[in-house]
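Asker: Okay, here's the structure, questions in a sec.
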């Protein structure tokens with residue numbers, strides 16, 4: 001089988017195993033009979049393909065899709081799971097850091113995004129002279145969609 005077709009094969013195998021186990025009604029896996037598991041399988045397929053072919057082009061997208069699937073699964077099944085928008089920043093930051101281990105690209109963005117996510121997820125008390133940070137984070141929480149749009153347009157212009 002050619003390497004380019006192996007990603008589809010991994011996805012088909014993963015989804016086939018998912019539906020087979022669902023059909024067999026294995027009791028220990030009942031929490032995994034959901035659409036979040038399909039997202040996790042797709043993320044794993046991208047990662048397996050990247051590592052098997054040693055091209056590493058799908059590491060970033062594989063980690064992001066896997067992370068989002070795990071996050072949605074955790075929100076649905078575990079009461080202790082953190083339901084905060086900064087989790088998506090953490091997933092992207094970790095994807096940059098994991099991709100960096102193989103491609104040596106994206107370390108700064110990984111550290112930056114992971115640090116911001118940790119600050120947002122685990123609040124702590126800042127000294128009075130740093131109170132402006134709370135104002136900035138409040139603005140980011142309110143207008144984060146606009147910030148994403150601006151970053152997207154910046155990346156489009158940068159690519160030209």
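Asker: (1) part of a helix (DSSP H, G or I); (2) modelled with pLDDT under 90; (3) within 19 Å of residue 106 (Cβ to Cβ): which one isn't true of residue 66, the others all being true?
Answerer: That leaves (2) as the condition not met.
Asker: Right, next: Quick one: is residue 97 surrounded by 14 or more Cβ atoms within 10 Å (Cβ to Cβ) and closer than 23 Å to residue 40 by Cβ?
Answerer: yes
Asker: Still on this structure, please answer the following. Those residues that are buried (at least 17 other Cβ atoms within 10 Å of the Cβ) and free of Cβ contacts under 8 Å to residues at least 40 places away in the same chain, I need them from the stretch 33-46; list them, please.
Answerer: 37, 39, 40, 41, 42, 43, 44, 45, 46
Asker: Let me ask another. If only one of 10, 56 is in contact with a helix residue (DSSP H, G or I) (Cβ under 6 Å, 6 or more places away or on another chain), assigned to a loop (DSSP other than H, G, I, E, B) and surrounded by 15 or more Cβ atoms within 10 Å (Cβ to Cβ), which one is it?
Answerer: Values: 10 fails: assigned to a loop (DSSP other than H, G, I, E, B).
Just a single option satisfies the conditions, and that option is 56.
The values are calculated or read from the model by the stated rules, or taken from the named source; none is laboratory data. What you see is a predicted model, and the numbers here were worked out from it, not measured in a lab. Note that each Cβ is placed from the backbone with ideal geometry, even for glycine, and that neighbours are counted across all protein chains shown.
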